[in-house]
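These notes concern the structure reproduced below.
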Amino acid sequence: MKYQGSCLCGAVVIDITGPIEHVMYCHCKMCRKAHGSSFASFGLVSKENFEISGIDNICSYKSSAHVTRTFCSTCGSNIEWNDSSEFGDGYRSFALGLLDSEFEAESEEHIFQSDGVKWGKCCAS
Ligand SMILES: [Zn+2]
Ligand SMILES: [Zn+2]
């Protein structure tokens, strides 16, 4: 097991058995609202390296044609952002804030920064 994560209440647990291949910080309006923050932080993992338990506790919201966001129905923690188009094929992208394990990103990028807000940008410039 490489990395483990959990939601705030602990009902949802993720086990990542391979590398977190890429990290994205998304500043778009939908991510800001969903995360209640100035930007959202996601880790991308190959599907075969991602296991999730507590799925009875997961609710989902389709925020655009191809995108489904999931969250814990008890504590509201963001769990995943998944794209069903070919862009997201083969990957799961999870909210990095779930991680209980230490992790240092080797590959990271900020996206939709032009849609970003003026507050909460201290680390994003
Ligand atoms: Zn929870
Ligand atoms: Zn976004």
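The values are calculated or read from the model by the stated rules, or taken from the named source; none is laboratory data. This is a predicted model, so every value here is computed, not measured. Note: ideal-geometry Cβ built from the backbone for every residue, glycine included; neighbour counts use all protein chains shown. Quick note on the areas: whole protein, heavy atoms, side chains included, nothing else; ligands and nucleic acids left out. Shrake-Rupley method; radii C 1.70, N 1.55, O 1.52, S 1.80 Å.
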All-but-one check, THR74 against (1) part of a loop (DSSP other than H, G, I, E, B); (2) within 16 Å of ligand 1 (Cβ to nearest atom); (3) more than 17 Å from GLY5 (Cα to Cα), failing number (3)
Go through segment 21-43 and report how many residues are more than 9 Å from ligand 2 (Cβ to nearest atom), farther than 12 Å from ALA95 by Cβ and in contact with a strand residue (DSSP E or B) (Cβ under 6 Å, 6 or more places away or on another chain). 2
Considering each residue of segment 26-52, count those that are hydroxyl-bearing (Ser, Thr, Tyr) and part of a strand (DSSP E or B), and give that number. 2
Residues located in segment 60-75, provided they are over 13 Å from the mean Cα position of the chain (by Cα) and open to solvent by less than 50 Å² (accessible area, probe 1.4 Å): SER63, SER64, CYS75
Residue match in segment 25-42 (condition: farther than 27 Å from GLU106 by Cβ, open to solvent by 50 Å² or more (accessible area, probe 1.4 Å) and within 16 Å of ligand 1 (Cβ to nearest atom)): yes
Scan segment 1-25 residue by residue and report those that are among the acidic types (Asp, Glu) and part of a loop (DSSP other than H, G, I, E, B). GLU21
For the list (1) open to solvent by 20 Å² or more (accessible area, probe 1.4 Å); (2) touching a residue at least 12 places away in the same chain (Cβ under 8 Å); (3) on the phi < 0 side of the Ramachandran plot; (4) within 16 Å of ligand 1 (Cβ to nearest atom), I need the number of the one condition that TYR3 fails. (4)
Does ASP100 satisfy the criteria of being within 14 Å of ligand 1 (Cβ to nearest atom) and without any contact (Cβ under 8 Å) to a residue 12 or more places away in the chain? no
Does GLU51 count as more than 15 Å from TYR25 (Cα to Cα) and either open to solvent by 80 Å² or more (accessible area, probe 1.4 Å) or free of Cβ contacts under 8 Å to residues at least 12 places away in the same chain (or both)? yes
Among the residues of segment 84-95, write down those that are more than 16 Å from ligand 1 (Cβ to nearest atom) and either assigned to a helix (DSSP H, G or I) or surrounded by 15 or more Cβ atoms within 10 Å (Cβ to Cβ) (or both). GLU86, PHE87, GLY88, TYR91, ARG92, SER93
Matching option when the condition is within 16 Å of ligand 2 (Cβ to nearest atom) and in contact with an Asp or Glu (Cβ under 9 Å, 6 or more places away or on another chain), among SER107, SER93: SER93
